[in-house]
Amino acid sequence: AQSVTQLGSHVSVSEGALVLLRCNYSSSVPPYLFWYVQYPNQGLQLLLKYTSAATLVKGINGFEAEFKKSETSFHLTKPSAHMSDAAEYFCAVSRSGYGGSQGNLIFGKGTKLSVKP
Amino acid sequence: GAGVSQSPRYKVAKRGQDVALRCDPISGHVSLFWYQQALGQGPEFLTYFQNEAQLDKSGLPSDRFFAERPEGSVSTLKIQRTQQEDSAVYLCASSGSVGGWQTQYFGPGTRLLVL
């Protein structure tokens, strides 16, 4: 079985500060890992994905995440927060990235990021 | 191009009423997923279609939930005899051809409130 744990339901940072959102996963098979962002009243947008090609993954809007198998972690970081980064962020895992029924995503509970001016 | 669209965006139903939620996936996308997102939670998988075939419905919470995709494009999620615990945002996602790397593109969701 697969699961995702996001540590911290709310994270608040100052504009320009480092953003660190934590995600730990559990998987009996090599995982495919994702970070999605959700703005109010909008659908989920993919930020980045880990597909085993490289442990450090760069995504959109300056975000990146590092896959650490030994720590079963996939934390999301951004060096300098912008006001526009305020949103809810979801970490997700799936058994496959190649479609089919194994491609369904298992999400964490989300972390709401606030950015203070 | 157009993304995934869902309608209605908001639905208020009285307990016991039947509702139908529509998803228009990105044109040509083979895979379609439905998820349920309760307040303060992450989305949870409900069901998966490959073209018109429903290959996985393991996440449907009860037999009151039914989904279809008869022509392999538009999908409808139907909830019969709605209960208050059905209140949630229902998200639809679609992705491209089977066999290649897939990114799931999400619609804006339908927010269902059962009174």
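Every read-out reported here was derived from the displayed coordinates using simple, explicitly stated rules and does not represent laboratory data. Only a predicted model underlies this, so the values are computations on that prediction, with no experimental measurement involved. So basically every Cβ, Gly included, is an ideal-geometry build from the backbone, and we count neighbours across all protein chains shown.
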message: Out of the residues in region B:2-28 meeting the condition of being surrounded by 20 or more Cβ atoms within 10 Å (Cβ to Cβ) and outside any strand (DSSP E or B), tell me which one is nearest to the other protein chains (Cβ to nearest Cβ).
response: B:Val4
- prompt: Of the residues in region B:62-112, how many are away from chain A (no Cβ under 14 Å) and β-branched (Val, Ile, Thr)?
  reply: 4
message: Need the failing condition index for B:Ser62 against (1) outside any loop (DSSP other than H, G, I, E, B); (2) over 25 Å from A:Asn41 (Cβ atoms), just the number.
response: (1)
task: Of the conditions (1) of a type in the set (S, T, N, Q); (2) farther than 25 Å from A:Trp35 by Cα; (3) in contact (Cβ under 8 Å) with a residue 24 or more places away in the chain, B:Gln36 clears all except one; give me its number.
output: (2)
message: If A:Gly62 meets every condition in (1) at positive phi; (2) crowded, with 20+ Cβ neighbours inside 10 Å apart from one, which number is that one?
response: (2)
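Residue-wise test of (1) among the aliphatic types (A, V, I, L, M); (2) at the interface with chain B (Cβ under 10 Å from one of its Cβ atoms).
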position	(1), (2)
A:Ser26	no, no
A:Tyr32	no, yes
A:Gln38	no, yes
A:Leu44	yes, yes
A:Lys49	no, yes
A:Ser52	no, no
A:Lys58	no, no
A:Phe63	no, no
- line: Within region A:46-77, the residues that are touching a His at 6+ places or on another chain (Cβ under 9 Å) and in a helix (DSSP H, G or I) are A:Asn61, A:Gly62
